[in-house]
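Before I ask anything, here is the structure I am working with.
The values are calculated or read from the model by the stated rules, or taken from the named source; none is laboratory data. Please read all numbers here as calculations on a predicted model, not as lab measurements. A quick note on method: Cβ atoms are made from the backbone with ideal geometry, for glycine too, and the neighbour counts reach across all protein chains shown. We work out accessible area using only protein heavy atoms, side chains counted, and drop any ligands, DNA or RNA first. Shrake-Rupley method; radii C 1.70, N 1.55, O 1.52, S 1.80 Å.
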Amino acid sequence: MSGRPRVPLVYRVVRDRTAQTSPIAVVLLLAITVAGTTAVVALGGPALDETKQASQLTRAEHSMTLFDSRVAISALGEGETQYVDLSGTGGGSYIVDDDSGWLSITHKNYTDAGDDEELYNESLGSVEYRNGDARIAYEGGGVWRTQDGGTTMVSPPEFHYRGATLTLPVVRVSGDGSSSGDVSARVAATERAHRIYPNETAAYNETAGSYDNPVSNGTIVVTVHSDHYRGWAAFFESRSEGTVTVDDANQTASVELETLGLVGEFQMPNEGTSVDVRGMAGNHNVSAFTLTLSNDQHLQNMEWGMYYDGDQRDLELHVQADDKCKGGSYDGTFDLTLYYATEDGKYHGWQATDLDPDTSDAVSIDCSASNPELSVDFTSSETMTYGDIQSDKGFGNQNKWQFAPEITDGEAYDSVTFDEHAADSGQTFSKADGDTASMAFVVNHYFSLAAPQFELTVTDGPGNSQSVDESGSRGELDYDQAEGGQFITFLHVTENEVEVDVE
């Protein structure tokens, strides 16, 4: 028996387990390494692919933005054929499609009778980079990125709206083919600045009037059909305050801009028809409102007016004579009246009575011609008095007033205060005191209340009792445009085409 001391049992157990630790650790380490590598390959592969694709798309955006600028030089400038290097994107392909998308321009309700005129409708064409589900396209002079069901604008299209003027140089792409890898594009202009609007050689179907500025009546609607239509819609909303609509079923985006209607000189509408006012600024910005009224019956017993019958307010301007042209002269006077009401049974009444055409700034008459002419200036310095509407000649022929029942059955407010606009005086006008104000100030105030859009309809009595020949009469209405980007006065559209080859 050895004299070596005996090792305790507990120690032997610990010692034996410790001896196994090294090989177990190695096995565990290898298992962890294999599992980690597998996870990296399984999970990191798609992430790396996504990162690679994102990098390729970013480079493609830069390439397409450069392509956009070169197309502009070729199509809209004086540049020769342009060459663009589109290589370095990799992982995708470039496709030229001259049949993709279209743009139309329609003048809706240009006759005020519901007639529409399609001014333009042609395909846009595109150059598109495709990589997986992502698409980056040059279309309509802009660059668009569509991915995951949404579209963003990379660079804006050729659509320039400023100060009620829309300038739209439509850029069309022709050509076909595709290429990938090291790609280069050749861009050559095949048509520059072909005039669409204004265009004196083109005429509206119903009126035979030429395509001319300023655009009047109705609205202008620009519609784009495109795979990238939602990007177009967002662009329209950002660049104007027009009405933007999206049709998902037809993949279209539209923006509708209202014409200013009447500005400047106009032919007098017939009885029952209207002068259409749109886009009037609401701060006393009417600089001129004059009428020239003619009649071959010497303006005998003349009563004539223009009114606005609105949903929330009514307005009427009335001209009344107490004599006629005799022997080449006129010995009578004129009354000019303004009526305004909302919906509570009372009204605002303003009158300038017994105006002598020889001395008044508001009226003058020429009886020397076979068709005498009366000139009325509703923006003159002549004084108007506030109160109930009345006349020394009685109330006149009431069937020639649109709102005669409201006037005869009602009464003016005891007082009114002008404080709705920055140009108002803040003054209160009393009926009892017979307070006065200049005609220009009064008319501007009530036109501003009706602004930015209203119609002035002619009323001249029934049947043969008309005292004014509207066909021989005219007027002028000048006003500042309302702030905001929903109106259009001038439209400039040209067609420009480039041929694109990729290789």
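In segment 75-100, how many are more than 26 Å from PHE490 (Cα to Cα) and under 33 Å from the mean Cα position of the chain (by Cα)?
To start, the set of residues in segment 75-100 that are more than 26 Å from PHE490 (Cα to Cα) comprises 79-100.
Filter again for under 33 Å from the mean Cα position of the chain (by Cα), leaving 79, 96-100.
Result for segment 75-100: 6.
Say we look at segment 342-360 and pick out the residues that are out of contact with any Lys or Arg (no Cβ under 7 Å at 6 or more places or on another chain) and among the β-branched types (Val, Ile, Thr); which of these is most open to solvent (accessible area, probe 1.4 Å)?
Keep residues of segment 342-360 that are out of contact with any Lys or Arg (no Cβ under 7 Å at 6 or more places or on another chain), which gives 343-360.
Imposing the further condition that a residue be among the β-branched types (Val, Ile, Thr) reduces the set to 353, 359.
Values: THR353: 65, THR359: 108 Å².
That would be THR359.
How about segment 421-476: which strands (runs of 3 or more DSSP E) wholly inside it have at least 1 residues that are under 32 Å from the mean Cα position of the chain (by Cα)?
On the way: elements: 428-430, 436-438, 453-459.
So the answer is 453-459.
Could you please find all residues in segment 420-472 being polar (S, T, N, Q) and either open to solvent by less than 20 Å² (accessible area, probe 1.4 Å) or more than 19 Å from ASN295 (Cβ to Cβ) (or both)? It would help to see each step written out before you state the result.
Taking segment 420-472 as the starting set, the residues that turn out to be polar (S, T, N, Q) are 425, 427-428, 430, 436, 438, 444, 448, 453, 457, 459, 464-467, 471.
If the condition is that a residue be polar (S, T, N, Q) and either open to solvent by less than 20 Å² (accessible area, probe 1.4 Å) or more than 19 Å from ASN295 (Cβ to Cβ) (or both), then SER425, GLN427, THR428, SER430, THR436, SER438, ASN444, SER448, GLN453, THR457, THR459, SER467 are the ones that fit.
Just to confirm my filter: which strands (runs of 3 or more DSSP E) fall fully inside segment 309-371 and include at least 2 residues that are touching a Gly at 6+ places or on another chain (Cβ under 9 Å)? Before the answer, list the steps.
On the way: elements: 314-321, 334-341, 347-355, 363-366.
Hits in segment 309-371: 314-321, 334-341, 347-355.
Among the candidates LEU168, LEU86, single out the residue that is in contact with a His (Cβ under 9 Å, 6 or more places away or on another chain), open to solvent by less than 30 Å² (accessible area, probe 1.4 Å) and in the same structural domain as HIS225 (by the TED database).
Among LEU168, LEU86, only LEU168 is in contact with a His (Cβ under 9 Å, 6 or more places away or on another chain), open to solvent by less than 30 Å² (accessible area, probe 1.4 Å) and in the same structural domain as HIS225 (by the TED database).
So, of the residues in segment 277-300 that are of a type in the set (S, T, N, Q) and more than 17 Å from THR459 (Cα to Cα), which turns out to be least open to solvent (accessible area, probe 1.4 Å)? Outline the logic, then answer.
Step one: of segment 277-300, the residues of a type in the set (S, T, N, Q) are 283, 285, 287, 290, 292, 294-295, 297, 300.
Going one step further and asking which of them are more than 17 Å from THR459 (Cα to Cα), we end up with 283, 285, 287, 297.
Details: ASN283: 57, ASN285: 40, SER287: 89, GLN297: 99 Å².
Looking at the filtered set, the residue picked out is ASN285.
Hey, another quick one. Please determine, by comparing only the residues of segment 259-276 that are in a loop (DSSP other than H, G, I, E, B) and either acidic (Asp, Glu) or at pLDDT 90 or above (or both), which one is surrounded by the most Cβ atoms within 10 Å (Cβ to Cβ). Steps first, answer last, please.
First pass over segment 259-276, keeping only residues in a loop (DSSP other than H, G, I, E, B): 260, 262-263, 268-273.
Still in the running and either acidic (Asp, Glu) or at pLDDT 90 or above (or both): 268-273.
Numbers: MET268: 23, PRO269: 21, ASN270: 12, GLU271: 15, GLY272: 9, THR273: 14.
Ranking the candidates gives MET268 first.
Looking at segment 128-182, what strands (runs of 3 or more DSSP E) fall wholly within it and have at least 3 residues that are of a type in the set (S, T, N, Q) and under 30 Å from THR219 (Cα atoms)?
Values: elements: 134-139, 142-147, 150-155, 160-162, 165-174, 176-180.
Strands (runs of 3 or more DSSP E) meeting the threshold: 150-155.
Follow-up. When segment 107-123 is examined, which residues are found to be in contact (Cβ under 8 Å) with a residue 60 or more places away in the chain, open to solvent by 30 Å² or more (accessible area, probe 1.4 Å) and not in a loop (DSSP other than H, G, I, E, B)?
Residues satisfying the conditions are LYS108, GLU122.
Can I ask one more? Taking TYR339 as meeting all but one of (1) out of contact with any Pro (no Cβ under 8 Å at 6 or more places or on another chain); (2) closer than 25 Å to GLU265 by Cβ; (3) surrounded by 20 or more Cβ atoms within 10 Å (Cβ to Cβ), write down the number of the exception.
Against the list (1) out of contact with any Pro (no Cβ under 8 Å at 6 or more places or on another chain); (2) closer than 25 Å to GLU265 by Cβ; (3) surrounded by 20 or more Cβ atoms within 10 Å (Cβ to Cβ), TYR339 comes up short only on (2).
In addition: Could you check segment 198-215 and list, in sequence order, the residues that are free of Cβ contacts under 8 Å to residues at least 60 places away in the same chain, part of a loop (DSSP other than H, G, I, E, B) and under 18 Å from THR489 (Cα atoms)?
GLY209, ASP212 - these are the residues of segment 198-215 that are free of Cβ contacts under 8 Å to residues at least 60 places away in the same chain, part of a loop (DSSP other than H, G, I, E, B) and under 18 Å from THR489 (Cα atoms).
When residues of segment 398-419 are filtered for being open to solvent by less than 50 Å² (accessible area, probe 1.4 Å) and either touching a helix residue (DSSP H, G or I) at 6+ places or on another chain (Cβ under 8 Å) or within 26 Å of GLY272 (Cα to Cα) (or both), how many remain? Let's see the steps before the verdict.
Looking only at segment 398-419, we keep the residues that are open to solvent by less than 50 Å² (accessible area, probe 1.4 Å), and these are 400-401, 403-404, 407, 410, 412, 416, 418.
Then keep just the ones that are either touching a helix residue (DSSP H, G or I) at 6+ places or on another chain (Cβ under 8 Å) or within 26 Å of GLY272 (Cα to Cα) (or both); that gives 400-401, 403-404, 407, 410, 418.
The qualifying residues number 7.
Tally up the residues in segment 223-243 that are in a strand (DSSP E or B) and closer than 23 Å to ARG135 by Cβ, please.
So the count comes out to 3.
Now for a separate question. For segment 171-195, what are the residues that are within 24 Å of the chain's Cα centre (by Cα) and open to solvent by less than 20 Å² (accessible area, probe 1.4 Å)?
Listed by number, the list holds a single entry, VAL171.
Report yes if GLU118 is at pLDDT 95 or above, acidic (Asp, Glu) and within 30 Å of THR207 (Cα to Cα), otherwise no. If you could, list the steps in order and put the result at the bottom.
On the way: at pLDDT 95 or above: yes; acidic (Asp, Glu): yes; within 30 Å of THR207 (Cα to Cα): yes.
Taking the combined requirement at face value, the residue satisfies it.
A follow-up question, please. From the list VAL96, VAL84, exactly one residue is in contact with a helix residue (DSSP H, G or I) (Cβ under 9 Å, 6 or more places away or on another chain), part of a strand (DSSP E or B) and of a type in the set (Val, Ile, Thr). Which is it? Walk me through it before giving the result.
Working: VAL96 fails: in contact with a helix residue (DSSP H, G or I) (Cβ under 9 Å, 6 or more places away or on another chain).
The unique qualifying residue is VAL84.
Select from segment 160-176 the residues that are touching a helix residue (DSSP H, G or I) at 6+ places or on another chain (Cβ under 7 Å), modelled with pLDDT of 95 or more and not β-branched (Val, Ile, Thr) and list them in ascending order.
The initial filter retains those residues of segment 160-176 that are touching a helix residue (DSSP H, G or I) at 6+ places or on another chain (Cβ under 7 Å), namely 161, 169, 171.
Add one more test, that the residue is modelled with pLDDT of 95 or more, and what stays is 169, 171.
If the condition is that a residue be touching a helix residue (DSSP H, G or I) at 6+ places or on another chain (Cβ under 7 Å), modelled with pLDDT of 95 or more and not β-branched (Val, Ile, Thr), then PRO169 is the only one that fits.
Hey, can you tell me all the residues within segment 482-503 that are crowded, with 18+ Cβ neighbours inside 10 Å and farther than 30 Å from TYR138 by Cβ?
Once the filter is applied, which keeps residues that are crowded, with 18+ Cβ neighbours inside 10 Å and farther than 30 Å from TYR138 by Cβ, segment 482-503 yields ALA482, PHE487, THR489.
Could you tell me whether segment 67-74 includes any residue that is in the same structural domain as MET153 (by the TED database), loosely packed, with under 14 Cβ neighbours inside 10 Å and not polar (S, T, N, Q)?
no
Ok, one more. Just the residues that are in contact (Cβ under 8 Å) with a residue 12 or more places away in the chain and either among the small types (Gly, Ala, Ser) or surrounded by 14 or more Cβ atoms within 10 Å (Cβ to Cβ) (or both), please, taken from segment 249-258. Reasoning before the result, please.
Step one: of segment 249-258, the residues in contact (Cβ under 8 Å) with a residue 12 or more places away in the chain are 250-258.
Within segment 249-258, GLN251, THR252, ALA253, SER254, VAL255, GLU256, LEU257, GLU258 qualify.
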